[in-house]
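Okay, so here's the structure we're looking at.
The values are calculated or read from the model by the stated rules, or taken from the named source; none is laboratory data. All values reported here derive from a predicted model rather than from experimental measurement. Cβ coordinates were reconstructed from backbone atoms using ideal geometry, including for glycine residues, and neighbour counts include every protein chain displayed. For accessibility, only protein heavy atoms count, side chains too; no ligands or nucleic acids. Shrake-Rupley method; radii C 1.70, N 1.55, O 1.52, S 1.80 Å.
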Amino acid sequence: MPVLDDYAPIVGEGTVKELKLLGDRLAGQRVVNVNSTRVGGGVAEILTRLVPLLNEVGVKARWEVMSGSEEFFELTKKLHNALHGRPATFTAVERETYQRTTTANLRALDLEADICFIHDPQPAGLIAARQSLDSRWIWRCHIDVSAPAPGAWEFIAPMVEKYDLSVFSAPQFARSLPIPQALVAPSIDPLSDKNRELSKSECEAILTKLGIRSDKPIVTQVSRFDRWKDPLGVIQAWRLARQRVDCQLILAGGSATDDPEGAEVLREVRQQANGDPDVHILDLPPTANLEINAIQRASSVVIQKSLKEGFGLTVSEALWKAKPVIAGAVGGIPLQVSHKYSGILTHTTEGVAFWIKQLLSASDFARRLGENGREHVRNNFLLTRHMRDHLLCFLYLLKGPENIIRL
Amino acid sequence: MAQLADTERPFEFMSRLNLTLLTDLRARDAAELLEHLRVVPGAVIYHHTHHFLVQHQYLSPEPPNDFAFWVSNMLLEERLGEELAAVDVLRFATIHELREALVHVIENFLEGCTNLRVAPPGEEFYFEQSVSFVLPTGIVARNLSQFRDGLAQVSLNSISYHMFDARLRLEQGGDNDFSKWLEAALDEREVAAAMRRLDPYTHTEEGLRRQMIALIDARLHRESERARSG
């Protein structure tokens, strides 16, 4: 696992030193993170890297994972979709399931800490422990809750409003709340297996193992098999583009342990591909980081055709590899991509098809998009910036709420 | 390079790290932008006129300010956007004065405006504010040579703090920290004046660092030459 100094060649000595200075101000503070899955999905990835680094600068950070039945995770998936706007009703039985799971986790998890950092709606109910623990509580919302289906926000609002601080990835995702709202964009780790530099031969070996040929340009979408990522729309766009430019398509993804709908979407994707030898559907395990890295690096164009997004970190992953990205202008994607400057923002399947053709044909323009994108990610979406924001959230809770805080 | 005299009033490089907080205010058109701009805390004005400098380091010249960007790109009011972008932040010694200037530009626009354009849903202007954490970097300079080395080492946040915050947000008479110290503690009036003349809003911060170091290197070089010939 990398240590903080390993990031200095990428982000600069001064930035690393600042993180250590902030850590000095928080030395010994106990922070417990709680989410709902150890592997798969952006939250688990970020915590895997961030928790050790926080400890390195002196914060006593831990990570607890709540447990729940299949029934609970089906409910929270439904809640997740409803918070994104899909209509749903929540029965008394489901509410009871949520409450029962929360109570069981309150007994099972060690929440003894100075700061409890709770991620997403699944463990939001743990705030009930606040009555008995003398600590500060942060609710970190990784999804877009700006336009929820009726009843969805009301499900979690009574819990969220009891926190000391909420954290959203972008202003567009947030809601009016009676508690302070911090904005913290997520990040990628440039030293992780998913993002570290790979040699050409390493890439080739991995692609050969996956059965991908290098005789045609590769267009890729890396995403969970999830309807909001519109994998069927990607196939449709690629088919339109292929009428003009010969290329192959990789749809690489997997399903996190809290996503029971993934298998169904994967089945539909396979059906849509209809055995086309130029479409590679890769159902990868959550540990396939090197494979994803190699696929992104081997791609000529990377797509993220999301219809709804939390943040869409795969965009930053591709940009960090200096790849031209075509992405849906939803959620946090416009924060990562400035249209025609650091990537392409689209709204339609036809638009994606058009830009696949353009970028495969205009390689100089595509290269410039990728280079600008990489610098934008370096400045805004790397793990060190994320770590700094977490440290600042902790300091805000402990030393705020002034606008200028001298440490 | 020459080693100039030490001062008993060393310069302590500070750094400033910002946490962004969302306010509950948002604007759909220029009239709402104006309404909120009049009353938001200074930390909101500071945020929207300065965070671009940090987030878009690779752009030069940098995008001007969030108000101008939003008006141009979301309301498609290019004339107003241009006028807001042209508000010269360096002219103002306080956030209050900067706010007044921005308000004045929008008021003038609204006087002649008969049909207000509205931002598409989801593209409203979200008012945010910076909470700034100021801390010493541990790097201290007692002479010009040490100051130059410190400048080369510190993060861009530190440069930003001494050049932008000290001048405008902390309302220290409209001067940047570097020029003030160079003049008061080292009597380096020429370098101080040259730094004061730099427009930090038209450079990337890395570019600004390079320019300031070049000014000091030139001064140290002249001192070396003088010592050698003398």
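Here is how the numbers come out for the structure above:
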| item | result |
| --- | --- |
| Net charge of neighbours whose Cβ lies under 14 Å from the Cβ of A:Phe90, counting Lys and Arg as +1 and Asp and Glu as -1 | -1 |
| Charge dipole of the range A:7-154 about the Cα centre (unit charges at C-beta), most positive-ward option of A:Asn105, A:Leu133, A:Thr37 | A:Leu133 |
| Percentage relative contact order, chain A, counting C-alpha pairs under 8 Å, at least six apart | 16 percent |
| Calculated over the protein assembly as shown: convex hull of Cα atoms, volume per residue (Å³) | 169 Å³ |
| Nitroxide proxy distance, nm - points 7 Å out along Cα→Cβ at B:His96 and A:Ser361 | 6.0 nm |
| Sequence of A:Leu19, A:Leu106 when ordered by accessible area, the most exposed leading, probe 1.4 angstrom | A:Leu106, A:Leu19 |
| Span-like helix ranges in chain B, DSSP H, alpha carbon extent 18 angstrom or more, Kyte mean at least -0.5 | B:42-55, B:95-111 |
| Spatial separation of Cα centroids for the range B:93-109 and the range A:172-242, in angstrom | 43 Å |
| B:Arg226 accessible area, 1.4 Å probe, all protein chains in place, Å² to nearest 10 | 140 Å² |
| Computed [θ] at 222 nm, deg cm²/dmol, chain B (DSSP H ≥ 4; -39,500 (n - 2.57); rounded to nearest 500) | -15500 deg cm²/dmol |
| Accessible area of the range A:200-317 belonging to carbon and sulfur atoms, whole % at 1.4 Å probe | 49 percent |
| Whichever lysines have a C-alpha closer than 25 Å to that of A:Lys308, once near sequence neighbours (fewer than 8 apart) are set aside | A:Lys77, A:Lys78, A:Lys194, A:Lys229, A:Lys321, A:Lys323, A:Lys340, A:Lys357 |
| For the range A:200-380: span of alpha carbons on each principal axis (Å, largest first) | 36, 35, 32 |
| Extreme residue, positive dipole direction of the protein assembly as shown, given options A:Pro401, A:Ile250, B:Thr23 (C-beta unit charges) | A:Ile250 |
| Three principal axis lengths of the range B:16-128 [C-alpha, angstrom, descending] | 43, 31, 29 |
| Farthest toward positive dipole pole in the protein assembly as shown [+1 Lys/Arg, -1 Asp/Glu at C-beta], among A:Asn379, A:His347, A:Gln358 | A:Gln358 |
| Chain A: calculated mean residue ellipticity at 222 nm from DSSP helix runs of at least 4, using -39500 (n - 2.57) | -13500 deg cm²/dmol |
| Listed residues B:His51, A:His84 arranged by accessible area, highest first, probe 1.4 Å | B:His51, A:His84 |
| Computed lengthening from A:Ala104 to A:Ala128, 0.36 nm per intervening residue step minus Cα-Cα distance | 7.4 nm |
| Solvent-free Debye scattering, log10 I(q)/I(0), computed from the Cα coordinates of chain B at q = 0.12 Å⁻¹ | -0.70 |
| Accessible area (Å², 1.4 Å probe, nearest 10) - A:Asp24 | 100 Å² |
| Loop GluC sites (Glu not before Pro), the range A:169-273 (other Cβ atoms within 10 Å of the site Cβ: 13 or fewer; DSSP) | A:Glu197 |
